[in-house]
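A.B. asks: To start, I am sharing the structure in question, which I have written as structure tokens.
Values quoted throughout were computed directly from the atomic coordinates according to the rules given, and no laboratory measurement underlies them. As the structure is a computational prediction, the values presented were derived from the model and not from experiment. Cβ: placed from backbone, ideal geometry, glycine included. Neighbour counts: every protein chain shown.
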Amino acid sequence: MTTLVLNPYQNYEQSLSRANKVNWHIEDIIGGNKRLDFTKRFMPEVLARVNEIQCLNEAEKLLLNQIRGNSYLHLFGLVEEFIVPCVIDHVKTTGLSDITATQALLHFAEEESKHIRLFRRFAEEFEIGFGTRCDGIGPISDITHAVLEHHPLGVVLIILYIEWMTQYHYLASIRDNSTESLDPQFCSLLRNHWLEEAQHTTLDTLMVERLVQQLDQAEIDAGVEDFFKLIEFLNGGLMAQVQLDSESLSRAIGRTLTETERQEIQAVQEKSYHWTFIGSGITHSHFVETFKQVSPAQYSRLMSVAEAYC
Ligand SMILES: [Fe+2]
Ligand SMILES: [Fe+2]
């Protein structure tokens, strides 16, 4: 049986204590006089990658960047919808003997439920202010059911890379970003999400550890295999979102994109989605460290898969 070696600080009690200190409310972040500023970009360039698209002028790049912001809300709302039932299922296995673990995991699920409401609230603000329709992939319930049909170890590994990816999204592109003047509310969204996700990385690592301890090698191999299948599945969804973004852009700028323009936008945006939603997570050093402990034999495969998303 594979044994993970966790940092001694990574425990339920500390996660719960840190979570209780953060614990923000949605109305502190959006609503009232806290409105989205549609004169500004929402997403940092490193995550939205619109600058290099030659066929768009500055005003059109601003709109595409904001469309990417809306898609970010949609996609994160979507992933949170499979994280919540996954964590709740896991809580059922912990029992009540370790009540601190149970409370920490229930708080984890509660926070992710709050995040779903936060992303939906931002999406409402976006819809009011943007002016034209922007679609997201779905139906969300079909996608989340399809994800949850995979091996639980595959699902928690996917969730773990997403949690680490959220850390990267804020730390690498917002906190020390002095070169871009982004919408303050969107920066606040990413910052506040990051603050609570920091605890989730610990809790999800503990979920991986508990699951692995209960599995024999064949089951671990099956779980890791499903992790790779899920990467492909999620990528299919992301590539569909690229198409929808292109249609949203066409509506927003009031003209049909030529085939050449569409191809140029699609090529750049596919690379952007690959890095933002897969590559930046599965290459995160902490995710790689855990993955290597779960399945040393599949480490080189992870690195080879990652090349396609970086
Ligand atoms: Fe979240
Ligand atoms: Fe999370």
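A.B. asks: Please work out the C-alpha center-to-center distance from region 196-263 to region 108-176 and express it in whole Å.
C.D. replies: Taking the Cα centre of each part, region 196-263 and region 108-176 sit 10 Å apart.
A.B. asks: Charges on Cβ only, +1 for Lys and Arg, -1 for Asp and Glu, centred on the Cα centroid of region 204-278; of Phe227, Ile253, His274, which one is farthest towards the dipole's positive end?
C.D. replies: Checking the options against the dipole of region 204-278, the answer is Ile253.
A.B. asks: Additional query: For region 45-97, with only Lys/Arg (+1) and Asp/Glu (-1) charged at the beta-carbon, what is the dipole magnitude about the Cα centre, in debye rounded to 20?
C.D. replies: My answer is approximately 120 debye.
A.B. asks: Provide Ile137, Ile83, Ile99 in ascending order of the number of other Cβ atoms located within 10 Å of each residue's Cβ, fewest first.
C.D. replies: Neighbour counts put them in this order, fewest first: Ile99, Ile137, Ile83.
A.B. asks: Next question. How far, in nm, would the chain grow between Lys92 and Ala218 when pulled straight, counting 0.36 nm per residue and subtracting the alpha carbon separation?
C.D. replies: Working: separation 126, 0.36 × 126 = 45.36 nm, distance 2.35 nm.
Fully extending the segment from Lys92 to Ala218 adds 43.0 nm.
A.B. asks: While we're looking at this one, here's another question. Got a sec to turn the phi values of region 272-282 into Karplus ³J(HN,Hα) couplings, 6.51 cos²θ - 1.76 cosθ + 1.60 with θ = phi - 60°, whole Hz, x for Gly and Pro?
C.D. replies: For region 272-282, the Karplus-derived couplings read 4, 4, 4, 6, 5, 10, 10, x, 5, x, 6 Hz, x marking Gly and Pro.
A.B. asks: Using a simple spin-label model with points 7 Å from Cα along the Cα→Cβ vector, what separation in nm is obtained for Ser304 and Arg117?
C.D. replies: 4.7
A.B. asks: Show me, bin by bin at 10 Å from 0, the whole-percent P(r) of region 1-128 based on Cα pairs.
C.D. replies: All Cα pairs, binned at 10 Å, distribute as 11, 29, 28, 20, 10, 2, 0 percent.
A.B. asks: Where does each of Met239, Met165, Met207 land when they are ranked from fewest to most other beta-carbon atoms within 10 angstrom?
C.D. replies: Ordered from fewest to most neighbouring Cβ atoms within 10 Å, Met239, Met165, Met207 come out as Met239, Met165, Met207.
A.B. asks: Return the sequence-ordered ³J(HN,Hα) values of region 205-220 in whole Hz as given by the Karplus equation 6.51 cos²θ - 1.76 cosθ + 1.60 applied to θ = phi - 60°, using x for Gly and Pro.
C.D. replies: After applying 6.51 cos²θ - 1.76 cosθ + 1.60, I find 4, 5, 5, 4, 4, 5, 4, 4, 5, 8, 9, 8, 4, 4, 5, 4 Hz.
A.B. asks: I'd like to compare 141-147, 251-257, 274-280: which one has the highest average count of other Cβ atoms within 10 Å, and what's the full order after that? Numbers along the way, then the final one.
C.D. replies: Values: 141-147: 15.7, 251-257: 14.1, 274-280: 22.0.
Packing proxy ranking, top to bottom: 274-280, 141-147, 251-257.
A.B. asks: Give me, ordered by chain and number, the residues 5 or more places off Gly31 or on other chains with an amide H under 5 Å from its own placed amide H.
C.D. replies: Correct list: empty.
A.B. asks: Any idea what the relative contact order of the chain is, in percent, if you count C-alpha pairs under 8 Å spaced at least 6 apart? Each step should come with its number before you reach the end.
C.D. replies: Numbers: 360 pairs, mean separation 95.6, N = 310.
Relative contact order for the chain comes out at 31 percent.
A.B. asks: In degrees between 0 and 90, to the nearest 10, how far off the longest principal axis of the chain does helix 152-170 point, with axes built from Cα atoms?
C.D. replies: Between the helix axis and the principal axis of the chain, the angle is about 50 degrees.
A.B. asks: Which angle between 0 and 90 degrees, to the nearest 10, do you get for helix 99-130 versus the longest principal axis of the chain when only C-alpha atoms count?
C.D. replies: 10
A.B. asks: So what J values fall out for region 87-98 if you push phi through Karplus, 6.51 cos²θ - 1.76 cosθ + 1.60 with θ = phi - 60°, rounded to Hz, Gly and Pro as x?
C.D. replies: Values per residue, Gly and Pro as x: 5, 5, 4, 5, 4, 4, 8, 7, x, 10, 5, 9 Hz.
A.B. asks: Rank by packing, highest mean first: peptides 63-73, 42-52, 261-271, with packing defined as the count of other Cβ atoms within 10 Å averaged across residues.
C.D. replies: Those peptides, ordered most packed to least, come out 63-73, 42-52, 261-271.
A.B. asks: Please check: in the Gaussian network model of the chain (C-alpha springs, under 10 Å), which one of Gly32, Gly131, Gly237 has the largest mean-square fluctuation.
C.D. replies: Gly32
A.B. asks: Further question: Measure off 7 Å from each Cα along the Cα-to-Cβ vector at Asn23 and Gln263, then give the distance between these two points in nanometres to one decimal.
C.D. replies: So the label points at Asn23 and Gln263 sit 5.7 nm apart.
A.B. asks: Taking neighbour Cβ counts within 10 Å as the exposure measure, how do Val305, Val79 sort from fewest upward?
C.D. replies: So the residues, fewest neighbours to most, are Val305, Val79.
A.B. asks: Further, regarding this structure: In degrees between 0 and 90, to the nearest 10, how far off the longest principal axis of the chain does helix 12-22 point, with axes built from Cα atoms?
C.D. replies: Between helix and principal axis, roughly 30 degrees.
A.B. asks: Sticking with this one: Tell me, Kirkwood radius of the chain from alpha-carbon pair distances, in Å?
C.D. replies: 20.1
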